[in-house]
Amino acid sequence: MRTQLGRVLALGLALTATVALTGTADAAAPAAPRAAAAAAPAALFGANVTVFDPAMPVDDIQAALDATHAQLVDAEMGTTRRAFLFKPGVYGTAENPLQIKVGYYTEIAGLGAAPTDVVINGKVEVYNRCLTEGGAGNCLALVNFWRTLSNLSININTAGQDGCRSSANFWAVSQAVSMRRLNITGGGLSLMDYCTAGPQFASGGFIADSRLPAVTNGSQQQWLTRNTEVAGWSNGVWNQVFAGVVGAPDDAGFPNPPYTTLDRTPVSREKPYLFTDARGRYQVRVPSAQRNTRGVSWGAGLTPGRTLPLSDFFVATPASGVNEINRALRNGKHLLLTPGLYDIAKSIKVDRANTVVLGIGHATLTAVGGATPVVVGDAPGIVVAGVTIDAGLVTSKHLLKVGTKKGKSKRDNPTTLSDVYFRVGGPHVGKVQVALQINSDDVLIDHTWVWRGDHGVEGFTDTQRWNTNIGRNGVVVNGDRVTATGLFVEHFQQYNTIWNGEDGTVILYQNELPYDPPTQADWMNGKVEGWAGYKVSNKVRRHTLWGGGVYVFNQNNPSIHTENGFEVPTRSLVKLHHIMTVNLSAGTVDHVVNGVGGPADSTNVGAPVYIAEYPTL
């Protein structure tokens, strides 16, 4: 998302208009307290996974979590990956609640078969990050990326917190952060932190399969809530999308407020999750695909799907070789990637129907020597979840490729990508032609962030980044009947997203154009000024987008123009609902879509240009 300059310039405008509210390198992992350290099942998952038991002293659990948060709260481009898993039971008391703060590359998850099996009496929170003046200034949530919270209950208890902090459970995050399978009671949930330097921006997130109290969206610029139950929802900035949500706000007043509401989610599959059975054995629940759903998957009992014992998985660590991983996959194993950094010099090949690849603790695969780290076949039911894939120093053709051709229909059992994230630059130089390419039919993308870094620790100026961190396209979809619920794609050097397949459906699309083209000549599509953030091929006859935004912040050269935010064929069955462009203080998008709407320029910084329906009804 936006670097600090752009964030600060746009902050006051949008907050004033819409909110009505009463990289450092990592050190070695800190030693955990004795009780927590003893709980880490090193033989199963390695030293980067800690498993807590409700019999452990709350103070010991708190100390272990606090130590990791202190290490990772500022480690935006760091190398440590951690997962904290909670066995079924109750943690914290009314007098001594468990107050969890979640830093970068950290997963907090319950090990129950249902979210109600693990109860946290206390809070699980993310606050604004303060970036200047020794950690006292420029406090915001716009770079609070890469963290996961799932499969547990939070009984909000604010004992011991000050007046402001006691007003809500704060989850002030941006891209590559998911909340899944949560049951939150006892207080309100705020998706921004209004206690650290007052209300400040946050920039995007994702909730699925959860029961929530009243939610204050506040300054979140874009957000997708899917298959959830909410007691209420307030505020919004640009795109707030709801699909299959019980209690979702009505969207009849769009764009005031900027809500987009679908009664049901057309295609969904919940993310696989670890749990322990009655005998304490580790299992993986793999939810089945569903159609036209509303509300949580676990309301009437166990989430529909199948259960796999952990013994069916090859449990990989960063020391595992790709040949070893591929041999296990060929021999019928599923794959669990434990937390850490994996150098991938040849493709991990996932070809067998219904294979599960599950990463925990933000396991990160880095392309080496121009490899494509993951190649998924055309077989039905393959699931890849919880994995981050980084471009490497040598240009890769792809980072993840699904299918080599259009295969047989998988309508009832789609290939699924859940919480799969991509990075080109940031922690190191990255080069790729296309980050994610989908050739197969019937694929479900359930939350992804495909990011060519607008900032990082590579030590570049913006002009140098343009010529060094190479990423032509973020997402290219060639298959038919591909659905995306939560598609975030940013900063690529040509079209960020190209959709060539028929019957595509996207529910929430968020895009920022690249910050760093040096000149207009560097940002030309033939004779057209710039590349649209979202391109549907001229041959496509049926396509639907619900809730889309393209943002411009050409900080390297504010004189640069982009002709259209969206480019689509003008046909009655190519439908865009609730789309917008917005200027974040530099550059111009001349039109929202196909020469219609706009401009988003320096005369309306921070004020979106909306089109409710295209083609106009």
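Values quoted throughout were computed directly from the atomic coordinates according to the rules given, and no laboratory measurement underlies them. Because the structure is predicted, anything quoted here is derived from the model rather than measured. FYI the Cβ positions are ideal-geometry reconstructions off the backbone, even for glycines, and counts take in every protein chain you see.
Things to note:
- Segment 513-617: C-alpha gyration tensor shape, a/c 1.5 cut-off, then a/b vs b/c: oblate
- Sorting 518-525, 378-385, 429-436 by average packing, meaning the other beta carbons within 10 Å per residue, from highest down gives 429-436, 378-385, 518-525.
- Of all aspartates and glutamates in the structure, the ones whose alpha carbon falls short of 17 Å from that of K431, not counting any fewer than 8 places away in one chain, are D343, D390, D454, E458, D462, E490, D516.
- Cα Rg, Dmax (largest Cα-Cα span) when computed across the chain, Å: 22.4, 68
- Extension gain for S602 to T544 (0.36 nm times residue separation, less C-alpha to C-alpha distance): 17.8 nm.
- Leading residue at positive end of dipole, the chain (Cβ point charges), from A316, N496, V376: V376
- Packing order of peptides 329-342, 234-247, highest average first: 234-247, 329-342 (average count of other Cβ atoms within 10 Å over each peptide's residues).
- Whole-angstrom gap from segment 303-328 to segment 590-617, using each part's C-alpha centre: 47 Å
- Note on F488, F314, F52: ascending count of other Cβ atoms within 10 Å places them as F314, F52, F488, the fewest first.
- Alpha-carbon radius of gyration plus Dmax, which is the widest Cα pair, for segment 334-506 in Å: 15.1, 48
- Based on Cα atoms of segment 244-358, Rg over Rh with Rh as the Kirkwood radius reads 1.11.
- For segment 4-268, average projected area of the Cα convex hull in nm²: 14.3 nm²
- Count Lys and Arg as plus one, Asp and Glu as minus one, and take only other residues whose Cβ is under 14 Å from that of L417; the net charge is then 0.
- Ranked by how many other beta carbons lie within 10 Å on average, peptides 501-507, 67-73 from highest: 501-507, 67-73
- When both bridge partners sit in the chain, DSSP labels roughly 15% of those beta bridges antiparallel.
- Checking the Cα-Cα distances for K271/K575; K87/K408; K271/K346; K101/K397; K87/K397 against a 31 Å cut-off, the pairs over it are K87/K408; K101/K397; K87/K397.
- Other residues lying with their Cβ under 14 Å from the Cβ of V246 contribute a combined charge of 0, Lys and Arg counting +1, Asp and Glu -1.
- Counting every C-alpha pair in segment 137-231, the share spaced more than 17 angstrom apart comes to 48%.
- Note on K397 and V457: the model spin-label points, each 7 Å out from Cα along the C-beta direction, lie 3.3 nm apart.
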